[in-house]
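Visitor: Got a structure for you, questions after.
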Amino acid sequence: MSSSALFQILYQHETLFQLPEDIIAAPAAAKPALEEVSAKTLPEPQAKTPVPEVSTPVVAEPKTILHATPVVTPPATPDFPKLKHKVLILIDEQKQKDMLASEALFLDNILKAVGHSTEHADILNFSFLPGQDARKVFSEKRTNFFITFGVPLIRLHLDLLLAPYTPKNVDGIWFLLADPLVVIEADRNLKKKLWQALKQMFEMS
């Protein structure tokens, strides 16, 4: 059966049209043309410009420079003189280290009157002491009798309240506060008060 006879059987009730070959080929040819036009008219994608990274500036923290503070060692305080006897007598002669001969004789006589003497006592001049802090003498009980002539105990760093010519026992040590020897030597009543105070102190000890 020929192809024309086959078309008549298949499409006997329909009208068939024959298109020229150039029209049939046109759609196929148009596609490359459209692709060519599209390629020419569409802008080429531009490469993205890289955005420069903004680096955060690093701020260096200020360094703390430590300066070593020199350690200043305070000068050592001289110790109170060592004692050889159990009776400590303090005087205050600013012009000379030793007692006047008359005062030394008077003191020796009044001590002998109560059974003692200057030979068995430590006699120190406050104005010439290398160290005037007597707290260790008190705390370590380096003496038994502490007699001061015109030297307040506060100047020796001892916080004790004493009534003049009134012996007082503090933690096993007897304290006696009296006027300067030069004042007592010139006053008969003070001589008597000193003798009575010394007698009372040594008898009670």
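Visitor: Pairs to check: LYS112/LYS192; LYS97/LYS192; LYS82/LYS136; LYS136/LYS199; LYS168/LYS199. Give those whose C-alpha atoms are more than 18 Å from each other in this structure.
Guide: Going by Cα-Cα distance, LYS97/LYS192; LYS136/LYS199 fall outside the 18 Å limit.
Visitor: With label points built 7 Å along Cα→Cβ from the Cα atoms of ALA104 and GLN196, find their separation and express it in nm.
Guide: Computed distance between label sites ALA104 and GLN196 equals 3.1 nm.
Visitor: On to the next question. Roughly how many nanometres apart are two label points built 7 Å out from the Cα toward the Cβ at GLU119 and SER205?
Guide: Going by the 7 Å Cα→Cβ label model, 1.8 nm.
Visitor: Counting DSSP beta bridges with both partners in region 80-205, what percentage is antiparallel, nearest 5?
Guide: If I count the DSSP bridges inside region 80-205, around 20 percent turn out antiparallel.
Read-outs: derived from the displayed coordinates by stated rules, not from any lab. Bear in mind the structure is a predicted one, so any value in this text is a computation, not a measurement. We place every Cβ from the backbone using ideal geometry, glycine too, and count neighbours over all the protein chains shown.
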